[in-house]
1. Keeping every protein chain in place, order 171, 105 by accessible area at 1.4 Å, biggest value first, i.e. largest first.
2. Relative contact order for the range 1-122 using alpha-carbon pairs under 8 Å, separation at least 6, rounded to a whole percent?
3. With a ≥ b ≥ c taken as the square roots of the eigenvalues of the C-alpha gyration tensor of the range 81-175, please select rounded if a/c is under 1.5 and otherwise prolate if a/b is larger than b/c or oblate if it is not?
4. Can you pull out the trypsin sites (Lys or Arg not before Pro) in the range 35-81 that DSSP calls coil and that have at most 12 other Cβ atoms within 10 Å?
5. Would you mind getting the accessible area per residue of the chain, heavy atoms of the protein chains only, 1.4 Å probe, in Å²?
6. Quickly estimate the mean residue ellipticity at 222 nm for the chain, helices only: each DSSP H run with n ≥ 4 gives -39500 (n - 2.57), and the total goes over all residues, rounded to 500.
7. Taking 8 Å as the Cα distance limit and 6 or more residues as the minimum spacing, I'd like the relative contact order of the range 46-175 as a percentage.
8. Run the quick spin-label model on residue 88 and residue 117: label points 7 Å from Cα toward the beta carbon, then report their separation in nm to one decimal.
Amino acid sequence: MKFSIQPVLENQEYQLIPLQQGDFESVYEVASDPRVWEQHPNKDRYKREVFESFFLGAMESGGAFKIVEKSSGDVLGSTRFYNFDEGENRIFIGYTFYGTKSWGKGINPQVKKLMLDYIFQFVDKVHFHIGKENFRSQTALERIGGQKIAEEEVAYFAEPTRTNFVYEIKKENHS
């Protein structure tokens, strides 16, 4: 099945805009705070040279977005679709991060809803990799209906392999 994993998605408050090379500085500005990565398996992504590899992986994925607040035009973070598996009729959502000023404001559930509402037109299951010590993200996923189904080693683009939990949301359980 042919579908775009990088459309423009938006609601009244937020836009997911396909990530472009010229977005590096505005996205890195958000990512350069060490607190963003403190629960993440790869805690040094706030360093420019590490984030450059992360950004390159985002660009090569063909499914990455910058998350923009429409009222201010501020870049709040980034997320992406990746690893579409036609046989399993499944795709992953992940590599999501937000700057600390966006934490606890209900932004992530809105962004995930935009992504899920769109992608469930094409797939039956969405999976998420979450670091086994990333309790903040585990809680966030459970709140939107994610269920932990597995644990696996994930090879990150140009970064060390880390243990992640795999969460799943099925189309029939998405509202």
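The values are calculated or read from the model by the stated rules, or taken from the named source; none is laboratory data. Keep in mind the model is a prediction, meaning the values are calculated, not measured. Glycine gets a Cβ as well: all are built from the backbone with ideal geometry, and neighbour counts include every protein chain shown. Ligands, DNA and RNA are stripped out before the accessible areas are found, and what is left, the full protein with its side chains, is counted by its heavy atoms. Shrake-Rupley method; radii C 1.70, N 1.55, O 1.52, S 1.80 Å.
1. Output order, biggest surface exposure first: 105, 171.
2. Details: 174 pairs, mean separation 33.0, N = 122.
After rounding, I find 27 percent.
3. oblate
4. Hits after loop and neighbour filter: 70.
5. 50
6. Numbers: 4 runs with 44 residues, N = 175.
When only DSSP H runs of four or more count, the value is -7500 deg cm²/dmol.
7. 19
8. Each label point is offset 7 Å from its Cα along the Cβ direction, giving 2.7 nm.
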